[in-house]
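Visitor: Next up is a structure, given as structure tokens.
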Amino acid sequence: RVWEALNDPDKYVIVQPAPAVRVGIGECFGIPAGTSQTGRLVAALRRLGFDDVFDTNWAADLTIMEEGTEFLGRVKSALTGGDAVLPMITSCSPGWIKFVEHTFPTELDHLSTCKSPHMMFGAVLKSYYAKKINKDPKDMFVVSVMPCVAKKLEIARPEMTNDGLRNVDAVITVRELGDMIKSAGMDFLSLPEE
């Protein structure tokens, strides 16, 4: 689906790698584990054809602000005699959220209602950013590069949409991105720092 979107001239394709991707991608090309490859990563993503490259890290800050606002609202409600559920539990891991849903379903009200950073960013890209760049959100295709395969399941959840559009259209792993770079014939090690 990602290749198809990249080859569709009518699609505006945006990619957002998670912070771990900058060090994980190097291992696909024999670079020692833990070596940051941010510049080469951006160069590779641009050469693959992505129209925009964003860092999911920005959305982590957005998520923290949303979670903080939700928490303060719950505390204020509790202090004024409301029925707020505390403690509030948060996690950006869809695997952990699924675990709670299946193992502790009576505790669901404790979970924060905030989306994970990459999902929140997808929603922002297809709303605010779409208006900013004058694009129809229907013509946008958002790809997240994540170190965890549980993120693939997360994008299929029914609540991960706005205005009938998925927040994120595809999730690929670091290894899948490495395979894409290799199949495009790029020499990752010779890419410039962009």
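The values are calculated or read from the model by the stated rules, or taken from the named source; none is laboratory data. In this text the structure is predicted, and so the values were computed from the model without any measurement. Backbone-built Cβ (ideal geometry, glycine too); neighbour counts: all protein chains shown. Only protein heavy atoms, including side chains, enter the accessible area calculation; ligands, DNA and RNA are left aside. Shrake-Rupley method; radii C 1.70, N 1.55, O 1.52, S 1.80 Å.
Visitor: Ignoring ligands, DNA and RNA, how do Lys182, Lys152 rank by accessible area with a 1.4 Å probe, largest first?
Guide: In descending accessible area the options line up as Lys182, Lys152.
Visitor: Another question, then. Would you please put 85-96, 16-27 in order of how densely packed they are, using the mean number of other Cβ atoms within 10 angstrom per residue and starting with the highest? Before the final figure, lay out the partial values.
Guide: Working: 85-96: 15.8, 16-27: 21.4.
Most protected by this proxy first, the peptides run 16-27, 85-96.
Visitor: Additional query: Given the options Ala184, Ala156, Ala59, state which has the largest fluctuation in a GNM of the chain using a 10 Å cut-off (strictly under) for Cα springs.
Guide: Ala184
Visitor: Let me ask you something else. Write down the percent of antiparallel bridges among all DSSP beta bridges whose residues are both part of the chain, to the nearest 5.
Guide: Within the chain, antiparallel bridges account for around 15 percent of the total.
Visitor: In a shell of Cβ-Cβ distance under 13 Å around Glu70, excluding Glu70 itself, what net charge do Lys and Arg (+1) and Asp and Glu (-1) give?
Guide: Local net charge: 0.
Visitor: Still on this model: Run down the lysines and flag those whose C-alpha is under 27 Å from the C-alpha of Lys182, throwing out any fewer than 8 positions away in its chain.
Guide: Lys11, Lys151, Lys152
Visitor: Could you tell me how many degrees, from 0 to 90 and to the nearest 10, lie between the Cα long axis of helix 38-48 and the main elongation axis, the longest principal axis, of the Cα atoms of the chain?
Guide: 70
Visitor: According to the square roots a ≥ b ≥ c of the eigenvalues of the Cα gyration tensor, what is the shape class of region 130-173, taking rounded for a/c under 1.5, prolate for a/b larger than b/c otherwise, and oblate for the remainder?
Guide: Note, shape of region 130-173 comes out oblate.
Visitor: Add +1 for every Lys or Arg and -1 for every Asp or Glu among the other residues with Cβ under 15 Å from the Cβ of Thr35, and state the total.
Guide: Here the count lands on 0.
Visitor: Compute a Gaussian network model of the chain, connecting alpha carbons closer than 10 Å, and tell me which residue from Asp55, Asp163, Asp139 fluctuates the most.
Guide: Judging by the Gaussian network model, the answer is Asp163.
Visitor: In nm, to one decimal, how far is the modelled label at Thr80 from the one at Trp58, with both set 7 Å along Cα→Cβ?
Guide: Distance between label points: 3.4 nm.
Visitor: Residues in region 171-191, backbone N under 11 Å from the label point at Arg47 (7 Å along the Cα-to-beta-carbon vector): list them, ranges by number please.
Guide: Output list for this probe position: 181-191.
Visitor: OK, next. By how many degrees, 0 to 90 and rounded to 10, does the Cα axis of helix 174-183 deviate from the longest principal axis of the chain?
Guide: 20
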